[in-house]
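Have a look at the structure below before the remarks.
Throughout, read-outs are computed from the coordinates displayed, never taken from laboratory work. If you're wondering where the values come from, they're calculated on a predicted model, not measured in any experiment. Glycine also receives a Cβ, built like all others from the backbone with ideal geometry; neighbour counts cover every protein chain displayed.
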Amino acid sequence: MINVILYAFGFLLFASFGLVVLRGAPFVSSRRRYVQEGLEALTKNIDVKNTTFFDIGSGNGVVLEQAAEFGFKKSIGYELNPVLVAFSKIKLKKHIKHHKIEVKTKDFLLAKLPQGIGFFYCFGHKKFVEKVAVKLQSYANSEDRDIYFMSMAFELSAQKPINSNVLYRLYKFIPCKKH
């Protein structure tokens with residue numbers, strides 16, 4: 001009986017990670033030190049205490065925790081893998097309890113985003129980051145305000161960063177005027 005349970009658990013674990021990879025979003029943990037350095041270098045002109053942070057593909061919650069400790073008003077993370085969401089919720093329990101962090105099992109590209117987000121973060125491959133950029137421009141338009149996007153490693157092809165360091169690029173999405 002215990003073997004059946006272990007096999008079932010193993011299958012569910014493999015399936016949850018496998019399906020996420022097929023969707024194009026493999027899990028690779030961000031290093032705390034690099035995230036800290038990126039936030040320090042790129043957010044000097046952003047009022048983080050009054051800004052909601054959003055982690056696209058929040059994985060194990062490292063970046064969400066870093067953003068909360070850095071001083072963002074609130075941190076929200078969407079992650080496709082329910083195992084990683086469960087792990088994050090356990091790991092970040094103290095922040096969640098104080099309504100500082102929110103983690104959900106959702107597909108960022110398909111989800112309707114909550115209002116009021118001012119800063120987005122993503123560590124994803126180039127093709128995915130380009131899709132994220134399209135959604136972020138649409139979001140900036142619907143919110144009718146500027147939003148910021150911090151991308152690790154990959155540059156956007158249609159836009160130049162407003163700031164960067166060795167690993168990260170910071171972009172500003174300005175709402176398009178409606179005619």
Mind checking which pairs have a first residue in segment 31-49 that is surrounded by 13 or more Cβ atoms within 10 Å (Cβ to Cβ) and a second that is basic (K, R), Cβ under 9 Å, 6 or more apart or different chains? L42/R169; V48/K73
Which number in (1) more than 21 Å from S142 (Cβ to Cβ); (2) out of contact with any helix residue (DSSP H, G or I) (no Cβ under 8 Å at 6 or more places or on another chain) marks the one condition that A111 misses? (1)
So, of the residues in segment 79-107 that are among the hydrophobic types (A, V, I, L, M, F, W, C) and farther than 19 Å from F128 by Cβ, which turns out to be surrounded by the most Cβ atoms within 10 Å (Cβ to Cβ)? I101
